[in-house]
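Comments concern the structure below.
Read the figures in this text as sums done on the coordinates, not as results from a lab. Since the model is a prediction, treat every value here as computed from it, not as a measurement. Cβ coordinates were reconstructed from backbone atoms using ideal geometry, including for glycine residues, and neighbour counts include every protein chain displayed.
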């Protein structure tokens, strides 16, 4: 009778060592592992299969909400997937007419979900899909000079914003001005008879004579005819706080970080004003990188950004200076947050990267697995049967997806052991 051969414990996949060196004193590496899960004990168990739950034509951009439901895109429509009382999964269309095939990025902030695909920018609030930001007033007020007033002769400028139902204001409409040739008043007309959804009032701001600071002089509802300004703002009126701001542009990646919304488009990472998801200052509220941004992952201590290289921006992004933490970038769309501990993960040219909350990064499988660089990838953190795993699927770049990227489960417990 032949002597029995003991296999294992298994240490994971290794495609760097030659076949005759896969066995070590601590266990054995696998050249490949298909349809199995690797446990913390170094054993293999058969991976569970899968079954179709929702029928679609070109589904992509899956995102799990905090309440267990999920969003996804099928061709040009956004869907909400949820399990019924009987456990059956179904999907309801929320929005159609999206740019076909454009990957959607999401960020959940409280009860709101922001989503963008580089072309369109939306917000889900209370079950309704709304534009991310209400556009500035598209109408231009008409100014007239009348004699009944005490405004000194000189130049006066006027801007108008919308005040929203939640109290925030939009960016202003185009500035208009008038010159009084004698003392008098400014009459503002051409006000709208109806407002867009979510708008409570139009707020009118005007400068003092020959001044540049805009002070609030009136708030009007829809249907107002004329507003007369016979006296100067006394300086106690509120200044226009959105004067230099514009709606945050739609990015291919959207994230929330320290009271701001981040939007990455090409090599630029734009960020909103603090505690305002809608507006940014186009002159200063952005960070430029040497190449297109492919991953943006905020953590408690700062934010990771992958472009030509991988950078760490500590603290609030407005004061942060990018610090290189890895000399290479990442596959587009591969960023995700961890479940078992604070941090983030993404797929790089060297495989899976796990990043901590303070700027520390670890390339988990670099010593054991060589991967083919990918253009795009997805990383899913999976918890099932007591096993925490990061599942990566990559495509594009050279000969296509690597075996490690497309077929392997990467056990997050291995990461924690290497940390100790």
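Give me the percent relative contact order of the chain, please, defined on Cα pairs under 8 angstrom at least 6 residues apart.
9
Determine, for 5, 229, 36, the number of other Cβ atoms within 10 Å of each Cβ, and report the residues in order from fewest to most.
Going from sparsest to densest Cβ surroundings: 5, 36, 229.
How would you order 219-228, 357-366 from highest to lowest mean count of nearby Cβ atoms within 10 Å?
Working: 219-228: 13.9, 357-366: 17.1.
Output ranking for 219-228, 357-366: 357-366, 219-228.
Most fluctuating residue of 126, 396, 84 in a GNM of the chain with Cα springs under 10 Å: which is it?
Fluctuation is largest for 84.
Please check which bits of the stretch 169-198 a label hung off residue 140 would reach, taking the label as a point 7 Å along Cα-to-C-beta and the cut-off as backbone N under 15 Å.
Under 15 Å, as judged by backbone N against the label point of residue 140, lie 173-179, 189-191 of the stretch 169-198.
Residues of the stretch 127-144 with backbone nitrogen within less than 19 Å of a virtual label 7 Å along the Cα-to-Cβ line of residue 181, please, listed as ranges.
Zone members listed by number: 143-144.
Going by how many other Cβ atoms sit within 10 Å of their own, how do 26, 37 line up, fewest first? Don't skip to the end; give the middle numbers.
Details: 26 9, 37 18.
With the fewest neighbours first, 26, 37 line up as 26, 37.
With the crude spin-label approximation of a point 7 Å out along Cα→Cβ, what separation in nm comes out for residue 166 versus residue 284?
About 2.4 nm separates the two model spin labels.
Where both partners of a DSSP beta bridge lie in the chain, what percent of those bridges are antiparallel, to the nearest 5?
Counting DSSP beta bridges with both partners in the chain, the antiparallel share is about 95 percent.
Taking 0.36 nm per residue of sequence separation and subtracting the Cα-Cα distance, how much length would be gained by fully extending the chain between residue 234 and residue 99, in nm to one decimal?
43.7 nm
Answer rounded, prolate or oblate for the stretch 293-345, using the Cα gyration tensor with square roots of eigenvalues a ≥ b ≥ c: rounded when a/c is under 1.5, else prolate when a/b is larger than b/c, else oblate.
Oblate, because a/c is 1.5 or more while a/b does not exceed b/c.
Would you please put 250-258, 323-331, 373-381 in order of how densely packed they are, using the mean number of other Cβ atoms within 10 angstrom per residue and starting with the highest?
250-258, 373-381, 323-331
At R0 = 25 Å, how high is the FRET efficiency between residue 51 and residue 324 if r is their beta carbon distance? Nearest 0.05 is fine.
0.05
Give the Debye-formula value of log10 I(q)/I(0) at each listed q (0.12, 0.18, 0.22 Å⁻¹), with one equal scatterer per alpha carbon of the stretch 142-229, two decimals each.
Scattering profile of the stretch 142-229, log10 relative to I(0): -0.36, -0.75, -1.04.
Identify which of the listed values of mean projected area of the Cα convex hull in nm² was calculated from the structure shown: (i) 30.6; (ii) 23.8; (iii) 26.9.
It is the one labelled (iii).
Between the stretch 113-172 and the stretch 218-271, what is the C-alpha centre distance in whole Å?
7
If I model a spin label as a point 7 Å beyond the Cα along the Cα-Cβ vector, how far apart are those points for residue 314 and residue 300 in nm?
Result for the modelled spin labels: 1.7 nm.
At 0.36 nm per residue, and after removing the present C-alpha to C-alpha distance, how many nm does the segment from residue 129 to residue 90 gain when stretched out fully? Please report the intermediate quantities before stating the final value.
Values: separation 39, 0.36 × 39 = 14.04 nm, distance 1.89 nm.
Length gained, residue 129 through residue 90: 12.1 nm.
For residue 31 and residue 194 in one chain, what is 0.36 nm times their gap in residues minus the Cα-Cα distance, to one decimal in nm? Can you show the working numbers first?
Numbers: separation 163, 0.36 × 163 = 58.68 nm, distance 6.74 nm.
Length gained between residue 31 and residue 194: 51.9 nm.
With a Förster radius of 41 Å, plug the Cβ-Cβ distance of residue 174 and residue 340 into 1/(1 + (r/R0)^6) and report the FRET value to the nearest 0.05.
So, using R0 = 41 Å, E works out to roughly 0.20.
Once label points are set 7 Å from the Cα along Cα→Cβ at both residue 62 and residue 17, what is their separation, rounded to one decimal in nm?
3.3
For the pair residue 363 and residue 241, what calculated FRET efficiency results from E = 1/(1 + (r/R0)^6), where r is the Cβ-Cβ distance and R0 = 56 Å, to the nearest 0.05?
Once rounded, the FRET efficiency stands at 0.80.
Any idea what the relative contact order of the stretch 92-164 is, in percent, if you count C-alpha pairs under 8 Å spaced at least 6 apart?
Relative contact order of the stretch 92-164: 18 percent.
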